[in-house]
Amino acid sequence: MKDVKARTVFVPPHRERGAVDACIAEAGLRPTAQRSVVYGVLLNHAKEHPTADEIFMQAKVEKPEISMATVYNCLDALVKHHLVKQVHLDRAATRYCPNMHEHAHFLCEECGEVSDFEGTAKPRTSGFKVPKGFQVTQTEMNMRGVCPDCAKQEATR
Ligand SMILES: [Zn+2]
Ligand SMILES: [Zn+2]
């Protein structure tokens, strides 16, 4: 696997096959070659929050014989075992995020880049009025706006 610099604080700096396999096994999944390729791609492209299509293109570089169906199966398994979560930021395809720490997603409306914002979004402490009787099991926090790079470009335009 190519050497990839760690770009976010959450992503472990080592991305060797062994480390990826260990994460998969720890989550209770059998680390097959396909799963480690798919999960490896996600870890290496965590910042992009890639779609299944993008993951497929990237996985093919490492494993030319991999099929789209296999990629979907792998993603399914990774999501079910809480290694990866699905993100729905816009009407575009589902994206995938391997950062399982609680965080919000920020989508830049100019360049389309997705950023992870650390923090907790517990409905009862965030000011949302959760009516009696409702049990929240999952909170997804999405924000949109302009990223610092695009804001700078706008200012100089
Ligand atoms: Zn994320
Ligand atoms: Zn931007």
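The values are calculated or read from the model by the stated rules, or taken from the named source; none is laboratory data. Remember, it's a predicted structure, so these values are computed and weren't measured experimentally. Please note: Cβ atoms are built from the backbone with ideal geometry, for glycine as well, and neighbour counts cover all protein chains shown.
Odds and ends about this structure:
- Against the conditions (1) charged (D, E, K, R); (2) in a helix (DSSP H, G or I); (3) in the same structural domain as E140 (by TED's automatic domain parsing), D116 satisfies every one except (2).
- Breaking point among (1) within 14 Å of ligand 1 (Cβ to nearest atom); (2) more than 15 Å from the chain's Cα centre (by Cα), for K63: (1)
- Top-ranked residue of the stretch 98-157 - restricted to ones that are among the aromatic types (F, W, Y) and farther than 30 Å from V37 by Cα, ranked as nearest to ligand 2 (Cβ to nearest atom): F128
- Taken together, the criteria place M100 among residues that are of a type in the set (A, V, I, L, M, F, W, C), within 11 Å of ligand 1 (Cβ to nearest atom) and out of contact with any strand residue (DSSP E or B) (no Cβ under 6 Å at 6 or more places or on another chain).
- For the stretch 129-149, a residue qualifies if it is surrounded by fewer than 10 Cβ atoms within 10 Å (Cβ to Cβ) and away from ligand 1 (no atom under 16 Å from the Cβ), and the qualifying residues are K129, P131, K132, G133, F134, Q135, T137, P148.
- Here D76, D90 are screened, and the one residue that is of a type in the set (D, E), within 16 Å of ligand 1 (Cβ to nearest atom) and not assigned by TED's automatic domain parsing to the domain that holds N142 is D90.
- Odd one out for E110, checked against (1) surrounded by fewer than 11 Cβ atoms within 10 Å (Cβ to Cβ); (2) touching a Cys at 6+ places or on another chain (Cβ under 7 Å): (1)
- Pairs linking a residue in the stretch 142-157 that is outside the structural domain of V87 (by TED's automatic domain parsing) to a residue that is among the aromatic types (F, W, Y) and assigned to a loop (DSSP other than H, G, I, E, B), with Cβ atoms under 7 Å and 6 or more positions apart or on different chains, do not occur.
Yes or no, residue by residue, for (1) buried (at least 19 other Cβ atoms within 10 Å of the Cβ); (2) in a loop (DSSP other than H, G, I, E, B); (3) in contact with a Phe, Trp or Tyr (Cβ under 7 Å, 6 or more places away or on another chain):
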residue	(1), (2), (3)
D53	no, no, no
F56	yes, no, no
P64	no, yes, no
Y72	no, no, no
A77	yes, no, no
Y96	yes, no, no
G127	no, yes, no
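- Only one of R95, R144, R91, R157 that is closer than 23 Å to C23 by Cβ and of a type in the set (D, E, K, R): R95
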